[in-house]
Ligand SMILES: Cc1cc2nc3c(=O)[nH]c(=O)nc-3n(C[C@H](O)[C@H](O)[C@H](O)COP(=O)(O)OP(=O)(O)OC[C@H]3O[C@@H](n4cnc5c(N)ncnc54)[C@H](O)[C@@H]3O)c2cc1C
């Protein structure tokens, strides 16, 4: 059985930034990184290739898996903030968390991201306008790399680390055993076994169920109770131009009158595209945009999400979200699309009605009726939020505003870890989105830097 000092399970944002730090800081650890997805050059979604228009459920999905993880083909928006995107600050402290995110930004800039503008909500007039309309703009700095630039940066990080970090692609870790001498034995789907002193679980959202099984096996406590459900809104870029030009991505929170529920905007993509996303066979919707102006569309898209936190006896919030996504997959064969006007009039959008729609959809989705899929409470909340946004961005509540469903934001169960992101099992670390500590690129990457620094010191020369 081959022996390593450290095995990193997952080559997503957190694993990649950990490997960057372990390459940069001198140490003598022998390191193996394993990912179930492809190397970066092989990561192409068949929809992008044009060989299909609908998600054909590749296994593993190239959007979610492979070098750089779910971040590689994403929009590459790195938000530097403790206000959303995870709870890293609760583990490492507020200042340290921001310092780690700023450091990630410096690395991205040094690898080719410096030309991308850094937007900030500080001193923004939008905050006041939003407040006057009972909407709350969260504070953040955001660097938008764009999918094209983001891929190039991740490629450069791979080039920087590849001599130092051994990497295996298309290899899934299926089991982990704790050996009598305190080391770990990792078993892959290829039947190989590897031993290591320190095992870093960085398997992201796509590995969340797998992390749960490992934690159950090792008696590590997991907490789960939240899932966010909503739609992706697409409208002409002009409607949000005054906002996206100033702050690029605005995280706006609204408390609905009817239910007192929180609804928020999420993942805003000026002049971007709506995309389908396949997580373990369930197709949901997402969005991204390119830095290259020639690849821009005329539309802006963003998610509207309603947070659902469950109390006893229900424990499996992700299954609740999956069931709603499955309903839309059942009715639409994938993503459902409805005009806002049709939704409020209580009728489905049909191919005929879509032909008359001024806003052209950027994702080929099935026209249908979201009210048959999304529960009344969440749908009422979304409609109320659209009318609220219409006050600061008139035109949001137009009848041709497009709603794609469903967008589900799954939250991984929170793995119990200490300030070093180490579990109670010595040498077993959990970081990034798979740990439930983070749910964004900046914070996942920052968590990788944090553990990279800790382990580089442990194996210092
Ligand atoms: C379409 C899309 C757009 C997004 N856009 C943004 C954005 O603009 N800004 C932002 O902040 N966030 C965005 N996100 C979220 C962001 O990508 C994640 O927060 C981030 O990638 C989390 O990093 P991670 O390392 O924790 O996990 P991931 O990036 O998910 O990486 C986990 C890796 O582990 C591998 N893996 C899983 N299980 C196993 C196993 N058993 N064995 C081996 N390997 C395994 C997977 O193949 C994957 O490569 C987006 C997500 C998607 C899907």
Based on alpha-carbon centroids, what's the gap between the range 336-404 and the range 184-226 in Å, whole number please?
40
Any chance you could give the angle, 0 to 90 degrees and rounded to 10, that helix 376-392 forms with the longest Cα principal axis of the chain?
70
Using the number of other C-beta atoms within 10 angstrom as an exposure proxy, rank 109, 55 with the fewest first.
109, 55
Between residue 399 and residue 221, the two model label points (7 Å from Cα along the beta-carbon direction) sit apart by a distance in nm of 5.5
Pairing the Cα long axis of helix 13-24 with the longest principal axis of the chain, what angle in degrees results, from 0 to 90 and rounded to the nearest 10?
40
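For a Förster distance of 45 Å, can you work out the FRET efficiency between the beta-carbons of residue 390 and residue 213, rounded to the nearest 0.05?
On the way: r = 45 Å, r/R0 = 1.01.
Between residue 390 and residue 213 the formula returns 0.50.
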What number, in percent, do you get for the relative contact order of the range 227-410 if the mean sequence gap of Cα pairs under 8 Å and at least 6 apart is divided by its residue count?
33
Among DSSP beta bridges lying fully in the chain, give the percent that are antiparallel, nearest 5.
75
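Most exposed first by the Cβ proxy, i.e. fewest other Cβ within 10 Å, how do 273, 2, 96, 355 rank?
Final ranking by Cβ density, sparse to dense: 355, 2, 96, 273.
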Calculate, in nm to one decimal, what residue 323 and residue 258 gain on full extension: separation in residues at 0.36 nm each, minus their alpha carbon distance.
20.9 nm
Can you pull the Kirkwood radius for the chain, inverse mean 1/r over Cα pairs, to one decimal in Å?
22.4
Sequence of 64, 268, 18, 354 once ranked by neighbouring C-beta atoms within 10 Å, starting from the fewest
354, 64, 268, 18
Expected output is a single nm value to one decimal: the length gained when fully extending between residue 2 and residue 131, i.e. 0.36 nm times separation in residues minus the C-alpha distance. What is it?
40.6 nm
If all Cα-Cα distances of the range 227-410 are sorted into 5 Å bins from 0 onward, what percent lands in each bin, rounded to whole numbers?
1, 9, 18, 22, 22, 16, 8, 3, 1, 0, 0
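With the cut-off at 1.5 for a/c, could you classify the range 263-313 from its C-alpha gyration tensor as rounded, prolate or oblate?
Oblate.
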Alpha carbon centroid spacing (whole Å) that separates the range 298-315 from the range 115-154:
21
Reference-scaled alpha-carbon Rg (2.2 N^0.38 Å with N residues) for the range 193-259
1.89
Tell me what the chain gives for mean residue ellipticity at 222 nm when only DSSP H runs of n ≥ 4 count, each as -39,500 (n - 2.57), the sum divided by the residue total, rounded to 500 deg cm²/dmol.
-9000 deg cm²/dmol
Cα atoms only: what Rg and Dmax, in Å, come out for the range 220-311?
15.5, 49
Protection proxy ranking, peptides 311-323, 370-382, average beta carbon neighbours within 10 Å, highest first:
370-382, 311-323
Calculate how steeply helix 441-458 sits against the longest principal axis of the alpha-carbon atoms of the chain, using the helix alpha-carbon long axis, and give the answer as 0 to 90 degrees to the nearest 10.
10
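Highest first, please rank the peptides 414-427, 33-46 by the mean number of other Cβ atoms sitting within 10 Å of their residues.
33-46, 414-427
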Counting each pair of different Cα atoms once, what's the Kirkwood radius of the range 321-461 in Å, rounded to one decimal?
18.2
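Where a number appears in this text, it was derived from the coordinates with a stated rule and is not lab data. Quick caveat, the model's predicted, so the values are computed rather than measured. Don't worry about glycine lacking a Cβ; one is built from the backbone with ideal geometry, like all the others, and counts go over all protein chains shown.
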